[in-house]
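The values are calculated or read from the model by the stated rules, or taken from the named source; none is laboratory data. As the structure is a prediction and not an experimental result, all values here were calculated from the model. Every residue, glycine among them, receives a Cβ derived from its backbone with ideal geometry; neighbour counts consider all protein chains shown.
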Amino acid sequence: MTDSLRSTARSRATRPLLAGAAVLTALALAACGTTEAPAESTEPDAATASDVITVTDARGEQVEIPAGVEDVVALEWNVVEHLQTVGVEPVGVADVAGYTDWAGLGAPLQGEPTDVGTRTEPSIDAIAGLAPDLIVATSGRDAGAYADLEAIAPVVVVQGADAASPIETMFADLRLVGEAVGNQAAADEAIEAYEAHVTEVSAMVEERGLAGTELAHMDGWEAGGQVSIRPYAEGALLPAAFESVGFVNGWPGEGDPQYGLGSTDVEGLTELGDETHILYTTGGDVDVFETLLGDNAIWNGLPTVQAGNVHRLPDGIWLFGGVDSLTAYLDAIVTTLAPTP
């Protein structure tokens, strides 16, 4: 354990002793026998050792969190967005620069959080230096660091994704974060606002003649001279979102059980329907579809490519985010496919 962790652990260890001293003092004053009524105070009651919120996180763990948390560290970008949605600006964020590139349009970063390492390798020392009240992580990441993190502050883990119910899982994660910071009402309000927006977008999709249009969202990158493509299959968050407003997922393959993500190469894209629209973003990286596939015979031979049905959506919309990211994503699709005059 590092010196900073030992210091934090000693600090936490003294809290019960201080609380006990406060109780003894109160008993001594009561024993004096004064009959004078205590003065009324307009200030909120001071927090006591019993002022805790208990939540059950994605691990099935019951986590006790001090009421009224203020300093929160977020180890995944979806968690950053959820925290901001319920009114909390994280003091620490994993990969601040990456968040700005990949999520800064849909859910702009608030405040000036400290960078606490990468999303796969958070810096324990950086997090301990912030002395947070709470740390929020996402299932599937950072599991090996939980013991060290829990020595610093309570750790709540959200599910992040579930291909069996992607939208509902996102809502559940947002509600869990809201509950953990004592503001579940804000989470419920945000979900209601998102669902109302879905209704509005559905009407626009119908009015603009887009209902039933097949879409296939995918990522692409180059490795070892080969282009790899990651399509968003049934059960992924993005298809679940655009299907909810009247579009159809045009990718026929299967994805993984958590995120609904598939894998293919250029040859695999021949499975796409002739009128399927391909959607993608790049987040500032090389535009694989335009640059690396620009002279690929198979790519250029796809009927949907020849029809001009390949669309780069605005960068900076996080594809695994929350209600703000999905709102921006749905708006971008409609604007791209049927721009207003």
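In region 100-132, how many are under 16 Å from residue 82 (Cβ atoms), free of Cβ contacts under 8 Å to residues at least 12 places away in the same chain and buried (at least 16 other Cβ atoms within 10 Å of the Cβ)? Counting residues in region 100-132 that are under 16 Å from residue 82 (Cβ atoms), free of Cβ contacts under 8 Å to residues at least 12 places away in the same chain and buried (at least 16 other Cβ atoms within 10 Å of the Cβ) gives 0.
Restricting 262, 255, 235 to those that are crowded, with 17+ Cβ neighbours inside 10 Å, at pLDDT 95 or above and on the phi > 0 side of the Ramachandran plot reduces the list to 235. Is it true that some residue in region 258-265 is assigned to a helix (DSSP H, G or I), more than 30 Å from residue 191 (Cβ to Cβ) and over 24 Å from the mean Cα position of the chain (by Cα)? The answer is no, given that none of the residues of region 258-265 is assigned to a helix (DSSP H, G or I), more than 30 Å from residue 191 (Cβ to Cβ) and over 24 Å from the mean Cα position of the chain (by Cα).
The residue that is farthest from residue 328 (Cα to Cα), counting only those in region 221-251 that are assigned to a loop (DSSP other than H, G, I, E, B) and among the aliphatic types (A, V, I, L, M), is 233. Every condition in (1) touching a helix residue (DSSP H, G or I) at 6+ places or on another chain (Cβ under 7 Å); (2) in a helix (DSSP H, G or I); (3) not charged (D, E, K, R) is met by residue 210 except one, and the failing one is (2). Assess whether residue 196 counts as being of a type in the set (Gly, Ala, Ser), surrounded by fewer than 14 Cβ atoms within 10 Å (Cβ to Cβ) and in a helix (DSSP H, G or I). The answer is yes for residue 196. Can residue 111 be described as modelled with pLDDT of 95 or more, assigned to a loop (DSSP other than H, G, I, E, B) and under 22 Å from residue 174 (Cα atoms)? Yes: the conditions hold for residue 111.
From 216, 153, grab the single residue that is over 30 Å from residue 128 (Cα atoms), small (Gly, Ala, Ser), buried (at least 17 other Cβ atoms within 10 Å of the Cβ) and in contact with a strand residue (DSSP E or B) (Cβ under 8 Å, 6 or more places away or on another chain). So the residue among 216, 153 that is over 30 Å from residue 128 (Cα atoms), small (Gly, Ala, Ser), buried (at least 17 other Cβ atoms within 10 Å of the Cβ) and in contact with a strand residue (DSSP E or B) (Cβ under 8 Å, 6 or more places away or on another chain) is 216.
Looking across region 128-159, just one residue is assigned to a loop (DSSP other than H, G, I, E, B) and closer than 12 Å to residue 177 by Cβ, and that is 159.
With respect to the conditions (1) hydrophobic (A, V, I, L, M, F, W, C); (2) outside any helix (DSSP H, G or I); (3) not assigned by TED's automatic domain parsing to the domain that holds residue 333, residue 218 falls short on a single one, namely (3).
In summary, helices (runs of 4 or more DSSP H) completely within region 1-106 and bearing 2 or more residues that are among the aliphatic types (A, V, I, L, M) and modelled with pLDDT under 95 occur at 3-31. The C-beta contact set for region 59-84 (first residue without any contact (Cβ under 8 Å) to a residue 24 or more places away in the chain, second residue part of a strand (DSSP E or B) and not charged (D, E, K, R), distance under 6 angstrom, 6+ apart or interchain) comprises 62/54; 62/56.
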